[in-house]
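Chemist: Below is one structure. I have some questions about it.
The values are calculated or read from the model by the stated rules, or taken from the named source; none is laboratory data. Only a predicted model underlies this, so the values are computations on that prediction, with no experimental measurement involved. Quick reminder, even Gly has a Cβ in these numbers, built from the backbone with ideal geometry, and neighbours come from all protein chains shown.
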Amino acid sequence: MQQPATVLVVHSIFQGRESSWPMAQALARRGLNAVNVHLRGGLEYPEYVRQISVAVDTYARQGPVWLWGHSMGADLVSEVAGQNSRVVGMVAVGFPVTSSGPRTLLMVGAWDQLHSLREMREAAGLQKAELEVLPQADHNQENFDPESSRKAARFFGAEHEPRWADPFLGRGWLLWGLVLLSAGLSGGPSRRLQCGALVLALFSWRSDPFHSLARGVLMGLVFAQGRAFWLSRAQVLALFLALGLGELVLAWPNWSSQPSLLLQFPTAVLSWLPGGLLKFAGDVPVGGWIAVGLLEVARPGFTMRALGWLPRNSWRQLATFSVRKPRPGEVLVLAGLLVAAALAWRDVAQAGYWPDSGQWGLLATKVGGMVVVPLLVWLMAARGFASRAAQSKR
């Protein structure tokens, strides 16, 4: 009996293997032997290449081996494919690779913030490779976008799956529905519903459908019990507007060269919601959900109050332009974030990825799109609402 083809799924150095797990699942569901490769941070570039090449040699004894990589993982698999003759072909997602194997498919999200369509088209032309544009994905969504897994599976010669059959987005929308339904049914603290969700989360961690049900109910209860501590509808709308404009600024090279992409932006945003929620829910271990549930039983609304402090406080600060001396806890949080960012950049630089002089300007522009634009929109909205509130009191 012939063994199915093996696909080594390689994540970005900036992320863990959890980020590529949905892609490995999608390829395995289509009959491929998908192996989700784990790359430990802090190693040098040649060591990553060696580890992946060893894995290729190991699985090549069983049958044909393909490679799939996202972002920096795409750069790594392209290097391996160029060196190891046992690689049948590769899929490189979200990175303009410079070398390739016998067969190459490049993919990029239409809303990719890091690499433009022009860069990817030039890379595909140099290698005479195929190029597929994912109309609804940004850089973070490329590794679990339904269209991405469908095109990759077809390239690997896997079994055909109906276009509408996408369990990942389906579970994401189901989770959204459970959150909204449980929030609507619970006008306030509901101990019976909480305890039922806790029991379900505790005893169903091996069953994905029931565990998803428990997570959805718990998230809905957290929202319902803490919505008094959250932002107003107008503030939430301003926040989403700010984030959306930030995305448009980041992806301007794409939609400026292909304006028709703007028509797909609302649909793209809607597709990010279930995927983002599912990724967030999946990243929290079962013990975390049980701890949140117990905390909400003891102190209803505490979780949302804690989560809502930052946007509410930032809204208040922007509306009044008040500046105060930072508290010790805030300084510690900022220092922790700076240390984490430095460690992440250390791993990336050690692996051989470091911007040259010409790329620093582009990096500054990207950071501006992610931070400055949303902050300015948030500022204008906060000032506008503050001035209206002041006028209404007169």
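Chemist: Kindly check whether there is at least one residue in segment 283-301 that is basic (Lys, Arg), farther than 13 Å from Phe144 by Cβ and assigned by TED's automatic domain parsing to the domain that holds Gln225. Reasoning before the result, please.
Modeler: Looking only at segment 283-301, we keep the residues that are basic (Lys, Arg), and these are 299.
Checking which are farther than 13 Å from Phe144 by Cβ leaves us with 299.
From what's left, assigned by TED's automatic domain parsing to the domain that holds Gln225: 299.
Yes, that holds for at least one residue.
Chemist: Starting from segment 267-296, keep only residues that are within 13 Å of Met219 (Cα to Cα) and free of Cβ contacts under 8 Å to residues at least 24 places away in the same chain, then list their pairs with residues that are polar (S, T, N, Q) and in a helix (DSSP H, G or I) whose Cβ atoms are within a distance under 8 Å, requiring at least 6 positions of separation or different chains.
Modeler: Leu295/Thr303
Chemist: Please go through (1) buried (at least 16 other Cβ atoms within 10 Å of the Cβ); (2) at pLDDT below 70 for Gln359 and return the number of the only condition it doesn't satisfy.
Modeler: Here Gln359 clears every test but (1).
Chemist: Which ones in segment 104-133 are in contact with a Lys or Arg (Cβ under 9 Å, 6 or more places away or on another chain) and hydroxyl-bearing (Ser, Thr, Tyr)?
Modeler: Hit for segment 104-133 is Thr104, nothing else.
Okay, residues lined up against (1) on the phi < 0 side of the Ramachandran plot; (2) in contact with a Cys (Cβ under 7 Å, 6 or more places away or on another chain); (3) of a type in the set (A, V, I, L, M, F, W, C); (4) outside the structural domain of Glu119 (by TED's automatic domain parsing):
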position	(1), (2), (3), (4)
Tyr45	yes, no, no, no
Val49	yes, no, yes, no
Val56	yes, no, yes, no
Ala60	yes, no, yes, no
Val65	yes, no, yes, no
Ser71	no, no, no, no
Asn84	yes, no, no, no
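Chemist: Take segment 50-75 and flag every residue that is surrounded by 21 or more Cβ atoms within 10 Å (Cβ to Cβ) and either among the polar types (S, T, N, Q) or over 20 Å from the mean Cα position of the chain (by Cα) (or both). First the steps, then the outcome.
Modeler: First pass over segment 50-75, keeping only residues surrounded by 21 or more Cβ atoms within 10 Å (Cβ to Cβ): 52, 56, 65-75.
Matches in segment 50-75: Ile52, Val56, Val65, Trp66, Leu67, Ser71.
Chemist: Would you be able to tell me the number of residues in segment 95-135 that are buried (at least 24 other Cβ atoms within 10 Å of the Cβ), in contact (Cβ under 8 Å) with a residue 40 or more places away in the chain and either within 16 Å of the chain's Cα centre (by Cα) or in a helix (DSSP H, G or I) (or both)?
Modeler: Here the count works out to 2.
Chemist: Could you check segment 51-74 and list, in sequence order, the residues that are within 16 Å of Glu130 (Cα to Cα) and assigned to a helix (DSSP H, G or I)?
Modeler: Ala74
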